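Below is one structure, written out as structure tokens; comments come after it.
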Amino acid sequence: MTDKIIELKNVTFRYDENQEKPTLNNISFHVKHGEWLSIIGHNGSGKSTTVRLIDGLLEAESGQILIEGHKLSEDNVWDIRHKISMVFQNPDNQFVGATVEDDIAFGLENKGIPLKEMRERVVEALNLVDMSDFKTREPARLSGGQKQRVAIAGAVAMRPSIIILDEATSMLDPEGRLELIGTIQKIREQYGMTVISITHDLDEVTLSDRVLVMKNGQIESSSSPRELFSRGDELLDLGLDIPFTSTIIKALRQIGFTFDNHYLLEKELEDKLWALISKK
């Protein structure tokens with residue numbers, strides 16, 4: 001068995017056959033079983049198109065997409081989709097149930113899951129995202145962060161191999177974003193799911209194993225978060241903010257402190273500063 005759960009080989013895609021320049025131009029990459037891959041890049045770089053191709057919502061003009069070693073095609077697209085759950089930017093577009101628990105049960109019912117197992121999965125999913133107290137609440141009456149947690153619970157209840165987050169944290173406040181990212185981390189560890197997140201959020205990127213940078217419909221780079229953050233001011237050109245630690249280090253260099261060129265996490269910077277202070 002291959003360690004690659006997703007593989008794209010020379011994939012090209014156009015929304016319109018008259019497009020001179022393709023939306024995706026001959027891209028190739030893979031995702032390993034259990035990996036968390038972040039995909040970043042400016043709007044229009046091809047990020048959302050890529051995950052919609054993986055989920056079979058769009059069809060490639062050329063190239064191959066393999067999910068768990070099986071080539072995605074018209075014949076198996078519905079089987080492949082059972083392996084993948086997507087959570088979008090605006091969860092309001094995904095709610096169909098009158099209550100939170102009804103909404104989570106909806107996908108399971110469509111899948112033909114027996115009633116007893118369905119109830120167990122709903123309870124488990126709500127516990128996992130800390131939303132059990134809201135099970136009889138109308139989704140419309142929840143906060144933005146609560147809505148996203150319910151959307152994730154619905155995705156997890158389906159027991160997919162892959163969960164795709166398409167800007168899922170972008171409409172939340174900083175506290176809500178951190179809570180949601182923590183929930184995703186917990187789900188990944190508990191179920192061994194593969195996570196793909198399209199994001200501009202540095203905290204989300206930091207937690208991922210690998211970061212794919214997309215630019216003008218192509219793969220600009222593939223690296224670890226640490227390697228990416230070491231690129232300094234280039235990050236602004238890639239649609240990311242400069243990390244807090246990089247800003248602090250830049251200011252400290254200007255007043256005479258010396259640092260290596262590699263990126264430091266906040267805890268590492270704290271330790272480095274204590275070491276520098278203790279020498280004085």
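What to note about this one:
- In the frame of its principal axes, segment 1-154 has Cα extents of 50, 35, 26 Å, reported largest first.
- Segment 232-280: GluC sites (Glu not before Pro) in DSSP coil with no more than 14 other Cβ atoms inside 10 Å: none
- Among the listed pairs 21/71; 4/135; 32/111, those beyond 28 Å (Cα-Cα): 4/135
- Of 194, 247, 169, the residue with the greatest mean-square motion in the GNM of the chain, using alpha carbon springs below 10 Å, is 247.
- Computed over the alpha carbons of segment 155-231, Rg followed by Dmax gives 13.1, 39 Å.
- Fraction of alpha-carbon pairs over 35 Å apart in the chain - percent: 24
- Secondary structure note: in the chain, about 50% of the DSSP beta bridges are antiparallel.
- Helical mean residue ellipticity (222 nm; -39500 (n - 2.57) per DSSP H run of 4+; nearest 500) of the chain: -11500 deg cm²/dmol
- Extension gain from residue 276 to residue 173, taking 0.36 nm per residue of separation minus the Cα-Cα distance: 33.6 nm
FYI, it's all coordinate maths here, none of it is from the lab. Note that this is a predicted model, so its numbers are computed, not measured. In this analysis, Cβ positions are derived from the backbone assuming ideal geometry, glycine residues included, and neighbour counts consider all displayed protein chains.
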